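Working notes, beginning with the structure itself.
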Amino acid sequence: MKWTILGSYHKTWVPLLLVLIGLAAIAPFLDVYFLYILTIVCLNVILATGLNLLSGYTGQISLCHSGFLGIGAYSCTILMIRLHLPYPLALLSAGLIAGCAGFLVGIPALRLRGLYLAMVTLGFGEIVHLVLHHWQGLTGGPLGLKVPTARIGPVVFKSELSLFYLFLFVAFIFVILARNLIHSKIGRAFRSIAYSEIAAQACGVDLAKYKTLSFALSAFYAGIAGGLYCQLLKYLSPDPFGLFESIQYLTMIVLGGMGSIIGSVVGASLLSILPEILRDFKDYQELIFSLLLMLFILFMPRGIYGMIRSVFRF
Amino acid sequence: MLLQIENLVKKFGGLTAVNDVSLSVAQGQIHSLIGPNGAGKTTLFHLVTRILKPDFGKITYQGINLLQASPAKIASLGITRTFQTIELFSDMTVLENVLVGYHILIHTGPISSALRFGGFFAEENRAREKSLEILRVVGMEDYQKEIAGSLPLGQRRLLELARALVIEPTLLLLDEPASGLNITETNELMRIILHLKDQRGMTILLVEHNMRVVMEISDQISVLNHGVKIAEGPPHSIKNDPRVIEAYLGSEKKSMENEYVDPEGR
């Protein structure tokens, strides 16, 4: 059973590519509101996939992913305003800056587990939130920042449609990259840590290296998502980068399926669309999300995708 | 001597789990460690694999001071182990478990893994071939796609063995590999262990309670009791050693008075 480029891809590539082409084809005929929701779906898919690398595969909880998202969004915007970096470069730098932050948060994770790690990441997320609020010279504080419109060569990403295409393309690439990574030495090392640190170590997996790598990668994903998000927001304020958002991202992967790339896509899609359907009950949104999180952890710990898998046995 | 342990001491609070133990493991031998529960056998394994730090003593392996190596480095020095409690990656497939065992011999970084260049497929295929070969050695090649956690106990033990074997270690530490196995499985295990020694030239340090296994395959046996080495020698001399017989027969009463509790609950 040799592994080749085509052979290793057909299972994920083909369905994903079909979804991509299908969405790209119908996008011009959708109304603006629906397009906006689909764009948010793509954004959350990137974030949830990154979070799943860390929490689902490596087994390290994070309650600060909206913090990484915020770091990405602000870095991208500030680099474009202050240094006039072209958008692709600013976007990549946003990912890298968030990745460095992730690496730093990963260091205490070497000693902490479970609840204690949750507390540290929660604290970090709150610090980011506070810094965004109070470092007015850089972030504009609560007044916010106006985000310069992205352009790549001759293409200006101003219309909803162009932004959707950008988000869709990046989401597709990052899902494929995550999937590649999981089916490699790196992904296996991540998963081994989640199941048994002592055995992983006996196999020569360097816990310090792979835990911090997982944090950095996951934060890199969030940073890239942030760099995209600022384009959608057009006006940046610290509000969308709080604790509730972090819990929401965690809910996505728990709902979709921990330790599953497709699960991240399913969870991110459902939880991006759900709030729109439940718009009339906006006051109860946090309640519904928390309730979903509890119910899924109790009764469907492997999430929707995990359940489908075990029912159909594939 | 492949592995030399000198005056090793490990204390847990007031309890001395390993008390001034010296031990030499010769290349190419099956060296067994026996002793009643709580004698310090597993602690000794944890010390050699650097999961625990000794309070005193020296561990030398192929002339290298092992106490300066990090736990993750032990495998690349050619030392692998199995666990008494079976530590498998339970949601991963059989093949994937063995592939984690091959971790240190795969040389692709995160970027070449994500982008699949730089010989990724060549490395991955080499790892898979090697893993399948080892699964054949333990007779599990037909189960490669099964989820590890769904296997029965006997196969879980064999899978753990395969995972430790895949890098062809110089020194293999087996912590009660026969525990929970039936007679057929135990015989198969003994055949595999002898094959590893005779055909692959591995040195094996074995902790085992099943005396038939120990007496039939060991070249050398060391007996521990309450952290102290009380006897050492080939199987026939250990069998008749009065100190060993006393330790084992007297052990039930003693161990009730002085129950050993491992801080990690093993």
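How crowded by other chains is B:65-71, given as the mean number of beta carbons from other chains within 10 Å of each beta carbon? Present the calculation step by step, with values, prior to reporting the outcome.
Details: counts 0, 0, 0, 0, 0, 4, 9.
That average works out to 2.
Quantify how much of the Cα-Cα distance distribution of chain A extends past 24 Å, in percent. Intermediate results must be reported in sequence, preceding the final value.
Numbers: 25799 of 49141 pairs.
So the portion of pairs separated by more than 24 Å is 52 percent.
In what sequence, highest mean first, do A:111-118, B:167-174, A:259-266 appear when ranked by Cβ atoms within 10 angstrom? If you can, show how the numbers build up before the last one.
Values: A:111-118: 13.4, B:167-174: 21.9, A:259-266: 25.0.
So the order, starting with the most tightly packed, is A:259-266, B:167-174, A:111-118.
Which ³J(HN,Hα) values in Hz, rounded to whole numbers, follow from the phi angles of region A:244-258 under the Karplus curve 6.51 cos²θ - 1.76 cosθ + 1.60, where θ = phi - 60° and Gly and Pro get x?
Computed from phi, the couplings for region A:244-258 are 4, 5, 4, 5, 4, 5, 5, 4, 4, 6, 5, 5, x, x, 5 Hz.
Using a 10 Å cut-off around each Cβ, can you sort A:241, A:169 from fewest to most neighbouring Cβ atoms?
Details: A:241 27, A:169 13.
Starting with the residue having the fewest Cβ neighbours, the order is A:169, A:241.
Within the P(r) computed for region B:47-89, what percentage of the Cα pairs occupies the region above 13 Å? Spell out each step's value before the answer.
On the way: 502 of 903 pairs.
Considering region B:47-89, 56 percent of its Cα-Cα pairs are separated by more than 13 Å.
Ratio to report: Rg/Rh of region B:87-168, with Cα atoms as the point set and Rh obtained by the Kirkwood method; give two decimals. Could the numbers behind the result be given before it?
Values: Rg = 12.9 Å, Rh = 12.9 Å.
Reported Rg/Rh, Kirkwood definition of Rh: 1.00.
Using the structure shown, list the pairs from B:130/B:229; A:185/B:73; B:10/B:73; B:53/B:130; A:146/A:209; B:58/B:197 with a Cα-Cα distance above 28 Å, or answer none.
Numbers: B:130/B:229 39 Å; A:185/B:73 17 Å; B:10/B:73 21 Å; B:53/B:130 33 Å; A:146/A:209 38 Å; B:58/B:197 26 Å.
Violating the 28 Å Cα-Cα cut-off are B:130/B:229; B:53/B:130; A:146/A:209.
For region B:16-143, place one equal point scatterer on every Cα, skip the solvent, and apply the Debye formula. What is log10 of I(q)/I(0) at q = 0.23 Å⁻¹?
-1.41
So what are the radius of gyration and Dmax for the Cα set of region A:174-314, in Å?
Cα-based Rg and Dmax for region A:174-314 come out at 17.0, 54 Å.
Nearest 5 percent is fine: what portion of the DSSP beta bridges confined to the protein assembly as shown is antiparallel?
Values: 24 of 40 bridges.
Just about 60 percent of them are antiparallel.
Return the average number of partner chain Cβ atoms within 10 angstrom of each residue Cβ along peptide B:155-165.
On the way: counts 0, 0, 0, 0, 0, 2, 0, 0, 4, 3, 0.
Counting other chains' Cβ atoms within 10 Å and averaging over B:155-165 gives 1.
If you line up the Cα atoms of the protein assembly as shown on their principal axes, what length do they span on each, largest first, in Å?
88, 50, 43
Hey, what's the per residue convex hull volume over the C-alpha atoms of region A:1-143, in cubic angstrom? Don't skip to the answer; put the middle values down first.
Numbers: hull volume 25.5 nm³, N = 143.
Considering the Cα atoms of region A:1-143, their hull volume per residue is 178 Å³.
With runs of 4+ DSSP H residues as the only contributors, calculate the mean residue ellipticity of the protein assembly as shown at 222 nm using -39,500 (n - 2.57) per run, divided by the residue total and rounded to the nearest 500.
Estimated from H runs of four or more residues: -18000 deg cm²/dmol.
Just to confirm a number: summing +1 for Lys and Arg and -1 for Asp and Glu over residues other than residue B:140 whose beta-carbon lies under 15 angstrom from that of residue B:140, what do you get? List each step's numbers first, then the result.
On the way: positive: B:128, B:130, B:136, B:145, B:156, B:157, B:163, B:191; negative: B:96, B:133, B:141, B:142, B:146, B:160, B:185, B:188.
So the environment of residue B:140 carries a net charge of 0.
Which semi-axis lengths, in whole Å and largest first, follow from the square roots of five times the eigenvalues of the Cα gyration tensor of chain B? Intermediate values should be presented prior to the final figure.
Details: eigenvalues 216, 87, 60 Å².
Its equivalent ellipsoid spans semi-axes of 33, 21, 17 Å.
Sort A:206, A:31, B:175 so the one with the fewest other Cβ atoms within 10 Å of its own Cβ comes first.
In increasing order of surrounding Cβ atoms, one gets A:31, A:206, B:175.
Any read-out appearing in this document is the output of simple, stated calculations on the displayed coordinates, not a laboratory observation. Bear in mind that the values here come from a model prediction, so they are computed numbers and not experimental data. Positions of Cβ are backbone-derived with ideal geometry, glycine not excepted, and every protein chain shown enters the neighbour counts.
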